[in-house]
Amino acid sequence: MKKTAIFLTAAAVFLSVNLHAQDVTVAEEAFDPTAFVPQEDKMIFNHLALGVSPTDFSTLLVPVVATTLTPYVQIRGGLDWFPPLKASWVLGRFGKADLLNIKDIPFGGNNYTFNLDGTLNASDIKLLFDIFPTKRTSFHFTAGFLVSLSGGKVIKAFTTEPFDKDPSDWESLGVNIHNAQYCIMTDKTGNMQMSLKTNAVKPYLGIGFGRAIRPDSRVRVTFDMGVYYSGGFRVAFDNVHPRTAGGSWDMTQKLTYSLTSDDLTGSEWSDTLTQEQLDSWGLSQFGVKGPIKALDYMKRVTSWCPYLKLNIFIKIF
Amino acid sequence: MKKTLIMLAAAAMILPAAFSCKKNNSENQPFTLADPVNKPHQVKVEFVTKASSAEAQEIKVKGVDGRTAALKSLELTNGQKAIAIIDYANREVENPKAVKAEIGAKVCKYTVKAVKATPGTTYEIEGLGTFTLNQTGDGYSITAVVDGETVTVNVTEVKAMVGADSDLFKKVAREWKVKATTINASGTGIPAGLTKVFNDGCNLESIGEWISSKIEGVSAEKIAALKGYNVSGVILTESGSVSIEFTGKDAFAGTLNNLDINAGTFGYVFESTEGNMILSARATGIIRVVGNKLFLTLVGAANYNETNNYNVEVIFELEAA
């Protein structure tokens, strides 16, 4: 009798607990009608693609990256690589002698020939914005900019022999330019440093085909065609000091000065090229007519540069 | 997380787009040098010479080169230096007015400190003699004892200061030393203007040798004539004088002819005994105040040979002595 009572009591307790638990577990879930509707992809940095692009004049491939901003705008970035090249050449006088022939330059009774060693560095990094007219089209307009990795100094060069043989003149002997408002000073080895320079930041405009990222596609190919503004190639000198208010040279400021044809006007270093010289160099066949001022002409014709690029992208997410 | 990663990558790709040079601001700083210790009034006296009065006596003094001539003026500066202008023009001729004026300048030390030139004060001037300022009825006279001889000469003018209202002019009136010399040369045979900076003061002989190594046709005689022209200092006075002192030659003396205080520039005209291939005897000079430094620019054209004509501009960078 006692055992029966205890068993019945335990069973009552056990069943009451379990029944209560079953009340909880069997509660109904609310129905969400939006659970199966896909959310709109707002695109803002939601996707990333990595890719490669062939370099100019080389078999190397360089990395590129892309991401989305809106359904109409994608951002691309990467490296435009140009293999660095070293070269040596001789600079002769403009005007009275062939530019690249070895000619002695009379200077106060002493003759100098400028032998130059140079390095070509035309690599840029880029940031481009592709603007698509519609959400689905592959055609796009592109705007952005290229930034020179060498600060715009496409070719850096320096004289291989001191401008003046006397070591006591190194870092204290220079040449005045721009109406004696600037002085190109020799460096601590007696040499002069110069460069062929463009703007460091070059805006780009163009058109293209292909979307770097399409959510429903893994591999994409894009093509760019446009122009960028380089500001024009110009000859620049480093280690240039400006004139102080007192009339001496401010040796605490070192500038890079871009030479113009006006700086050479009236001096023996005129950069005017005659028709005869242009003919002898074969430039006439390209429609170049003399007389021209070489520095100004070079800057003018190289201000806008063409740009063609192929890219292959793989979507990461 | 993905967006953060992309944005960080984008930020790393954007490099600085502009290069800027930080401009040196020393040119805009005001002149802040304190006055020299115990700065007395400066005074300049000009003497009556025989050309202007047959009765007047002359104080004869010797120049650096040993030549003896009449003392034209005597100026006492606040750096215990006296600038003696010596009139080398030979007045023992029939027509003194036709004689080209030759001025020599000698810079000497004097030992008596004075707040101002008080009548009765005697100044011992090294290399010249002793000078006592006297007050006459309506003016002044100087009694000088030079080489044992005593002579009293009337003073035509006692100048106190020029540009008395200019604090800057008073502040730069002191002794200066040459820190660096810049030579700018241009002319035929030089395809571009040439600059050379000498960072060890100014030794004209060294500069001349350098010029002759770069430019054809500079004679050895012209280089030899620069011996002894080692600049030891530049003195500006409140009476409007400037004196470039050399260790072994007569000083170059100039007088103020233009005062543009707003621009911090003072113009001078020099009239010295002998010019040379670098400093013209009658050069014009401009002094510009830049911060606590002075820049004295001297321009003078000189023919260095028969075929080429070169202009040489000399710029002294001066700092307080």
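Note on B:E221 and A:S284: with the Förster distance fixed at 60 Å, the Cβ-Cβ geometry gives a FRET efficiency of about 0.65. On full extension, the segment bounded by B:D260 and B:E319 gains 19.2 nm, given 0.36 nm per residue less the C-alpha separation.
Loop-resident GluC sites (Glu not before Pro) (DSSP state other than H, G, I, E or B) in region B:213-254 with no more than 15 further Cβ atoms inside 10 Å of their Cβ: B:E216. Between amide H atoms placed 1.01 Å from N, distances below 5 Å from A:W249 occur with A:T244, all of them 5 or more places distant or on a separate chain. A DSSP coil position with no more than 14 other Cβ atoms inside 10 Å describes the following trypsin sites (Lys or Arg not before Pro) in region A:194-283: A:R218, A:K254. Along region A:145-151 the Karplus relation, 6.51 cos²θ - 1.76 cosθ + 1.60 evaluated at θ = phi - 60°, assigns HN-Hα couplings of 8, 10, 10, 5, 6, 9, x Hz to successive residues, with x for each Gly and Pro. Pairs with C-alpha atoms separated by more than 29 Å, drawn from the list A:K135/A:K197; B:K60/B:K171; B:K106/B:K170; A:K197/A:K315; B:K106/B:K214; B:K109/B:K227, are A:K135/A:K197; B:K60/B:K171; A:K197/A:K315; B:K106/B:K214. Between B:L33 and B:T68, the contour length at 0.36 nm per residue exceeds the Cα-Cα span by 8.7 nm.
The label point for A:F317 and the one for A:A143, both projected 7 Å from the Cα toward the Cβ, are 3.1 nm apart. A simple count of charges around A:I125, restricted to other residues whose Cβ falls under 14 Å of its Cβ and scoring Lys, Arg +1 and Asp, Glu -1, yields +2. Rounded, prolate or oblate: which one fits region A:218-317, using the alpha carbon gyration tensor with axes a ≥ b ≥ c (rounded when a/c is under 1.5, else prolate when a/b beats b/c, else oblate)? Oblate, since a/c reaches 1.5 and b/c is not below a/b. For the chain pair A and B, the buried solvent-accessible surface (1.4 Å probe, both sides summed) amounts to about 3400 Å².
What FRET efficiency comes out for A:S303 versus A:T189 if R0 is 30 angstrom and r is the Cβ-Cβ distance? Round to the nearest 0.05. Using R0 = 30 Å, I get an efficiency of 0.30. On the basis of the beta-carbon distance and an R0 of 22 Å, B:K60 and B:A281 show a calculated FRET efficiency of 0.45.
The values are calculated or read from the model by the stated rules, or taken from the named source; none is laboratory data. None of these values were measured; they are calculated from a predicted model. Please note: Cβ atoms are built from the backbone with ideal geometry, for glycine as well, and neighbour counts cover all protein chains shown. When the accessible area is computed, the model is the full protein with side chains, heavy atoms only, and any ligands, DNA or RNA have been set aside. Shrake-Rupley method; radii C 1.70, N 1.55, O 1.52, S 1.80 Å.
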